[in-house]
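Chemist: Take this structure first; my questions come after.
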Amino acid sequence: MIEIPADIRDQMVEHAVASLPNEACGLLAGRNGRVERFYPMRNADQSRTTYRLDPKDQFQVFSEIEDTGWELAGIFHSHTHTEAYPSETDRQQAFYPDAHYVLLSLADRSNPSLRAYAIVEGVVEEQEARIA
């Protein structure tokens, strides 16, 4: 389970909409399954169908997360026209087995869908994403 405060969920939706027509991405930090901060990041792929965290930004964010005493709670990205379910590419590039992969679908922009998953060795398991 990952607990995401409503204001952070709103930040994720805003970042995803602002990043259109490309996928958005970012990192979630916190403790004990509760997100404390969202780090919106640049999609280095600049793609409608894939994402890659900007390596320089990723290093800086990881350092800040560690310095603050938080954990990497989740890796966020959006799907612009498909459901919030990990694609084959998402599964192949899931390098953090202890993190939640949080996906936001903008297929229905009036009602964005947010879902979370564990992805370990390509196997996808949906996790509860609780909006608090």
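Chemist: Might you check whether a residue that is under 22 Å from Glu126 (Cα atoms), out of contact with any Cys (no Cβ under 6 Å at 6 or more places or on another chain), modelled with pLDDT under 95 and open to solvent by 10 Å² or more (accessible area, probe 1.4 Å) occurs anywhere in the range 34-48?
Modeler: Within the range 34-48, not a single residue is under 22 Å from Glu126 (Cα atoms), out of contact with any Cys (no Cβ under 6 Å at 6 or more places or on another chain), modelled with pLDDT under 95 and open to solvent by 10 Å² or more (accessible area, probe 1.4 Å).
Okay, residues lined up against (1) of a type in the set (Phe, Trp, Tyr); (2) more than 20 Å from Asp7 (Cβ to Cβ); (3) in contact with a Pro (Cβ under 7 Å, 6 or more places away or on another chain):
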{"position": "Ser47", "(1), (2), (3)": "no, yes, no"}
{"position": "Val61", "(1), (2), (3)": "no, no, no"}
{"position": "Thr82", "(1), (2), (3)": "no, yes, no"}
{"position": "Pro86", "(1), (2), (3)": "no, yes, no"}
{"position": "Phe95", "(1), (2), (3)": "yes, yes, no"}
{"position": "Asp98", "(1), (2), (3)": "no, yes, no"}
{"position": "Tyr101", "(1), (2), (3)": "yes, yes, yes"}
{"position": "Ile119", "(1), (2), (3)": "no, yes, yes"}
{"position": "Gly122", "(1), (2), (3)": "no, yes, no"}
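Chemist: Give the residues of the range 30-45 that are under 13 Å from the mean Cα position of the chain (by Cα) and either farther than 24 Å from Glu3 by Cα or not β-branched (Val, Ile, Thr) (or both), sorted by residue number.
Modeler: Passing the criteria: Arg37, Phe38, Tyr39, Pro40, Met41, Arg42, Asn43.
Chemist: Separate question: Residue by residue through the range 110-130, note down the ones that are assigned to a loop (DSSP other than H, G, I, E, B) and farther than 21 Å from Met41 by Cα.
Modeler: We begin by selecting, within the range 110-130, every residue assigned to a loop (DSSP other than H, G, I, E, B); these are 110-112, 121-122, 128.
If the condition is that a residue be assigned to a loop (DSSP other than H, G, I, E, B) and farther than 21 Å from Met41 by Cα, then Ser110, Asn111, Glu121, Gly122, Glu128 are the ones that fit.
Chemist: Regarding Arg109, is this residue under 23 Å from Glu126 (Cβ atoms) and surrounded by fewer than 13 Cβ atoms within 10 Å (Cβ to Cβ)?
Modeler: When the stated conditions are applied, Arg109 passes them.
Chemist: Considering only the range 64-79, I want to know if a residue exists there that is without any contact (Cβ under 8 Å) to a residue 40 or more places away in the chain, open to solvent by less than 20 Å² (accessible area, probe 1.4 Å) and farther than 22 Å from Glu128 by Cα. Break it down into steps so the answer makes sense when it comes.
Modeler: Start the filter on the range 64-79 by keeping residues that are without any contact (Cβ under 8 Å) to a residue 40 or more places away in the chain, which leaves 64-69.
Now drop any that are not open to solvent by less than 20 Å² (accessible area, probe 1.4 Å), which leaves 65.
Next cut, farther than 22 Å from Glu128 by Cα only: 65.
Yes; the residues of the range 64-79 include at least one that is without any contact (Cβ under 8 Å) to a residue 40 or more places away in the chain, open to solvent by less than 20 Å² (accessible area, probe 1.4 Å) and farther than 22 Å from Glu128 by Cα.
Chemist: Here is a check on your reading of the model: is Ala84 assigned to a loop (DSSP other than H, G, I, E, B) and modelled with pLDDT of 95 or more? Before the answer, list the steps.
Modeler: Working: assigned to a loop (DSSP other than H, G, I, E, B): yes; modelled with pLDDT of 95 or more: yes.
Here the answer is yes, as Ala84 does meet what is asked.
Chemist: Can we say Tyr117 is in contact with an Asp or Glu (Cβ under 7 Å, 6 or more places away or on another chain) and either open to solvent by less than 80 Å² (accessible area, probe 1.4 Å) or within 20 Å of Asn32 (Cα to Cα) (or both)? It would help to see each step written out before you state the result.
Modeler: Values: in contact with an Asp or Glu (Cβ under 7 Å, 6 or more places away or on another chain): yes; either open to solvent by less than 80 Å² (accessible area, probe 1.4 Å) or within 20 Å of Asn32 (Cα to Cα) (or both): yes.
Spelling it out, Tyr117 is indeed in contact with an Asp or Glu (Cβ under 7 Å, 6 or more places away or on another chain) and either open to solvent by less than 80 Å² (accessible area, probe 1.4 Å) or within 20 Å of Asn32 (Cα to Cα) (or both).
The values are calculated or read from the model by the stated rules, or taken from the named source; none is laboratory data. All values derive from a computational prediction rather than experimental measurement. Please note: Cβ atoms are built from the backbone with ideal geometry, for glycine as well, and neighbour counts cover all protein chains shown. Please note that ligands, DNA and RNA were not included when accessible areas were found on the heavy atoms of the full protein model with its side chains. Shrake-Rupley method; radii C 1.70, N 1.55, O 1.52, S 1.80 Å.
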